[in-house]
Amino acid sequence: SYVYLNFVNGIRKATAGTNRVAAVLWLQGENDAISGVGNNEYESALKHLVSNWQSDLRTNLNVFVGQIAYIHQAARDKVDAIRDAQRNVIDNVTFFAGPDTASISLGDDGIHFTSDAAFASLADQWCKAIRDSETIYKTLQ
């Protein structure tokens, strides 16, 4: 797909072909919750995506996985299915725990973060997740 190729080509270009990236920050799944994608399906798809990235880039990628917020457009059980999959994939080898965004206020559309305070909170949570992962944090120093 266009988005996938842009990601892979963007990594290649940004790293001058070395494909060395300390980590990918992943926070996605709202549309999957709205569509009713199940826990196992989401988890399998995410693992497959990262496996494809690693194969195409010929490198091991570390992926921090954030948990989506409780969006207004999806029933709580649908959001929980995605959030559970996002937690289940964490293995501290390839997948690392990112922020749990449930405590961050959503904007008027009920799905996106829009305020400066929300963005600051999200940034703080990403920084904490990275610092808490000694494996990744050491590569950034």
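Just so it is clear, none of the values below were taken in a lab; they were calculated from the coordinates. Values in this document were obtained by computation on a predicted structure and should not be read as measured data. No Cβ is skipped: glycine too gets one built from the backbone with ideal geometry, and neighbour counts run over all protein chains shown.
Worth pointing out:
- Multiplying the residue separation of Lys13 and Asp77 by 0.36 nm and subtracting their alpha-carbon distance yields 19.0 nm.
- For trypsin sites (Lys or Arg not before Pro), the sites in segment 1-80 that DSSP calls loop and that have at most 10 other Cβ atoms within 10 Å are Arg58.
- Helix 116-132 axis, angle to the chain major axis (alpha carbon atoms, nearest 10°): 50
- FRET E, pair Arg20, Arg131, Förster distance 22 Å, beta-carbon r, rounded to 0.05: 0.60
- Nearest-0.05 FRET efficiency for Ser1 and Lys47, computed from C-beta distance (R0 25 Å): 0.90
- Whole-Hz couplings from phi, Karplus 6.51/-1.76/1.60, listed for segment 33-38; x for Gly and Pro: 5, 4, 7, x, 4, x
- 0 to 90° range, to nearest 10: angle between helix 2-14 axis and the chain longest Cα axis: 40
- Nearest 10 degrees, 0 to 90: helix 39-57 Cα axis against the chain principal axis: 20
- With each label modelled as a point 7 angstrom along the Cα→C-beta vector, the Asp116-Arg58 pair spans 4.7 nm.
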